[in-house]
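One structure is given below, encoded as structure tokens.
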Amino acid sequence: MVVLFCILFLAVGCTGLFDERRYETIAVPEDKVYKIEPLVLQSMSKGLSDANEVASLKEPFPELSLKIDECRALALENNLDLKSQLFNPIIAEENISEAEAYFEPLFFSNFSFAKTDTPTSLTLDASQSEYFYNNPGLRIPLRTGGEITLSTPFTRVETDNEFSTLNPSYESDISLSINQPLLWGGGVRRNTHAIRVARYGSWIARARTKLEVIRVLAAVDRVYWRLFAARQELRVRKQEYDLATAQLASAQRMVRAGQAAEIEILRAEDAAAQRFEAIILAENAARDRERDMKRILNKKGLGMETATIIISATEPNPIHYQLDTKRLMEYALQNRMELLELELQIASNESLIDYEYNGTLPLLSVNYTYNINGLGPEADDAYDLMLRNRFADQRVGLVLQIPIGNESAKSRWRRALWQRRQRLAGKRQREALIKQEVLNTADQMEANWQRVVASRKSTFLAERTMKAEQRQFELGLQISTEVLDAQARFANAQSAEIRALTEYQIAQVDLAYATGSLLGAAQIYWEADPEKLSKK
């Protein structure tokens, strides 16, 4: 009674003694989620300045020149998205090990001890007894769905029954039993379903990882060319500013010579200020692209907060390609990892269909047991009799269970059939989308090439026009406004050419991505190494 009271007290009466919060790995203060702090810009600033202060160009920062293949290599080694994705194939491999572990042998041991003291009304019954039982053994699951069990039960019984022949008595047996289902739950294909699904899942994880590698490298290429375009745009705007300051100097000379009105100086100064603002905007855009590149590369010592300037050392090499869209679509259907993933999922569905169909069958299993008995007044006597194999039992049984209706299993089977059809329809839809993506990117690439040709011609003509306007101004036949407008048109034409060149390079990257590959001739072989990942 005292023991029972203590158990009840510990179960419901002293929950305050056990503080489950001590197992929490993080404690969140309430103010952290309920209190909203203000951002005081003055406390975050290094210094204050007035808007009327004259802007000046910043001091030069250290530069790092990188080729596009160097950026790819750094991204493969350091990119955080890729590092996270590389764990998935390793995790999927553990799923295979888990599924295969179902068929590992199992050692078991059932131990029990009982001591009884009960009143009895017959002299044939024992009033007091001690019972000890231990049954160690080995259980071996079979891939056919059956099971082999080998056990050696041992029993010791001591009683006050005066009619007991052996007191105490020892029993030792050896038992071998085999149970094998013939319909439901039977068959290698049914019982290895989980292993097949795990292997398909492992290949899916690898396909997704390859897709992530391609995505990261394509992102590197896109950011690289956008950074190149931002740097070139900054160069153009600085050149435009230099032209504007040169026009200001020319206007000042002509005003001093009495060949032009003083308003020409004001026009040139206003244009120079506008060009300087364009430089500031271009610098900010270049820093944004630079941070994108630093984030993707994730190189130690080249964080997003560093002032190092990344220079794109690889120049675009625009070449016009006459694309064979039919071959491109066939190549894409062979290489896109999304299609491979769908094919693996369909194969997993087919295995599930067989598995669920097996569940619609009735239960019919056969079992066989062979048992060697041993008995004696001592344990050695019982084991000796058992080893002589004088007393043996054999049992054969047949179990039959036929569910009435079995609609639950049939519904699961029909659901697996519909899921397979759904995946097949999804695969056809994905193939159509891939073809459309290839055609769209191929057309975009051709359009961007035409933009390159047109923008180059526009840049050439804008430069000639600008020089002609400058000569007219020097002869006193034109005002500064016309010259400055011509300079702006020349700078804008250069910007358009840079954008066209960049978009043409990016269109090639997009086309390679649409076909499930990478731009260029270099091949890449990725591998998820658990030892290397564990050190990172």
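The values are calculated or read from the model by the stated rules, or taken from the named source; none is laboratory data. Small disclaimer: the values here were computed from a predicted structure and weren't measured. For neighbour counting, all protein chains shown are included, and Cβ atoms are generated from backbone atoms with ideal geometry for every residue, glycine included. What goes into the accessible areas is simple: the full protein's heavy atoms, side chains included, and nothing from ligands, DNA or RNA. Shrake-Rupley method; radii C 1.70, N 1.55, O 1.52, S 1.80 Å.
Remarks
- Residue check for residue 73: of a type in the set (Gly, Ala, Ser) and more than 19 Å from residue 202 (Cβ to Cβ): yes
- Applying the set (1) without any contact (Cβ under 8 Å) to a residue 24 or more places away in the chain; (2) touching a strand residue (DSSP E or B) at 6+ places or on another chain (Cβ under 7 Å); (3) not basic (Lys, Arg) to residue 386 leaves exactly one unmet item: (1).
- Being assigned to a loop (DSSP other than H, G, I, E, B) and of a type in the set (A, V, I, L, M, F, W, C) is a property that residue 281 lacks.
- Checking region 417-424 against the condition returns no match, with no residue being under 30 Å from residue 185 (Cα atoms), assigned to a strand (DSSP E or B) and polar (S, T, N, Q).
- In region 413-434, of all residues being open to solvent by 90 Å² or more (accessible area, probe 1.4 Å) and farther than 15 Å from residue 341 by Cα, the one that is farthest from the chain's Cα centre (by Cα) corresponds to 414.
- Selection within region 462-491 - open to solvent by 70 Å² or more (accessible area, probe 1.4 Å) and touching a residue at least 24 places away in the same chain (Cβ under 8 Å): 474, 489
- Any hit, region 348-367, residues being under 22 Å from residue 195 (Cα atoms), of a type in the set (Val, Ile, Thr) and open to solvent by less than 40 Å² (accessible area, probe 1.4 Å): yes
- Any hit, region 248-267, residues being in contact (Cβ under 8 Å) with a residue 24 or more places away in the chain, under 27 Å from residue 500 (Cα atoms) and either out of contact with any Gly (no Cβ under 9 Å at 6 or more places or on another chain) or in a helix (DSSP H, G or I) (or both): no
- A single entry from 151, 129, 97 fulfils the requirement of being at pLDDT below 90 and open to solvent by less than 80 Å² (accessible area, probe 1.4 Å): 129.
- Any pair with Cβ under 8 angstrom, 6 or more apart, that starts in region 435-457 at a residue that is under 27 Å from residue 491 (Cβ atoms) and ends at one that is crowded, with 16+ Cβ neighbours inside 10 Å and of a type in the set (Asp, Glu): 444/510; 445/510; 448/503; 451/503; 452/497; 455/497; 456/497
- Pairs linking a residue in region 103-117 that is among the acidic types (Asp, Glu) to a residue that is modelled with pLDDT of 90 or more and open to solvent by less than 100 Å² (accessible area, probe 1.4 Å), with Cβ atoms under 9 Å and 6 or more positions apart or on different chains, are 104/140; 104/141.
- Among the residues making up region 359-403, those that are outside any strand (DSSP E or B) and among the basic types (Lys, Arg) are 388, 390.
- Any chance residue 166 is surrounded by fewer than 21 Cβ atoms within 10 Å (Cβ to Cβ), in contact (Cβ under 8 Å) with a residue 24 or more places away in the chain and among the aliphatic types (A, V, I, L, M): yes
- Inter-residue pairs, beta-carbon under 8 Å, first under 16 Å from residue 444 (Cα atoms) and in region 320-338, second among the aromatic types (Phe, Trp, Tyr), 6+ apart: 320/449
- Scan of region 78-94 for residues that are open to solvent by less than 80 Å² (accessible area, probe 1.4 Å) and either outside any loop (DSSP other than H, G, I, E, B) or modelled with pLDDT of 90 or more (or both), ordered by number: 78, 81, 82, 83, 84, 85, 86, 88, 89, 90, 92, 93
- With respect to the conditions (1) at pLDDT 90 or above; (2) surrounded by fewer than 10 Cβ atoms within 10 Å (Cβ to Cβ); (3) part of a loop (DSSP other than H, G, I, E, B), residue 107 lacks only one, and its number is (3).
- Single unsatisfied condition, residue 315 versus (1) within 31 Å of the chain's Cα centre (by Cα); (2) among the charged types (D, E, K, R); (3) under 16 Å from residue 65 (Cβ atoms); (4) open to solvent by 30 Å² or more (accessible area, probe 1.4 Å): (1)
- Those residues of region 435-454 which are in contact with an Asp or Glu (Cβ under 9 Å, 6 or more places away or on another chain), open to solvent by 40 Å² or more (accessible area, probe 1.4 Å) and β-branched (Val, Ile, Thr), in sequence order: none
- Screening region 268-301 for residues that are more than 51 Å from the chain's Cα centre (by Cα) and without any contact (Cβ under 8 Å) to a residue 24 or more places away in the chain and picking the one that is surrounded by the fewest Cβ atoms within 10 Å (Cβ to Cβ) gives 270.
- Qualifying position, being part of a helix (DSSP H, G or I) and either over 21 Å from residue 67 (Cβ atoms) or free of Cβ contacts under 8 Å to residues at least 60 places away in the same chain (or both), among 231, 237: 237
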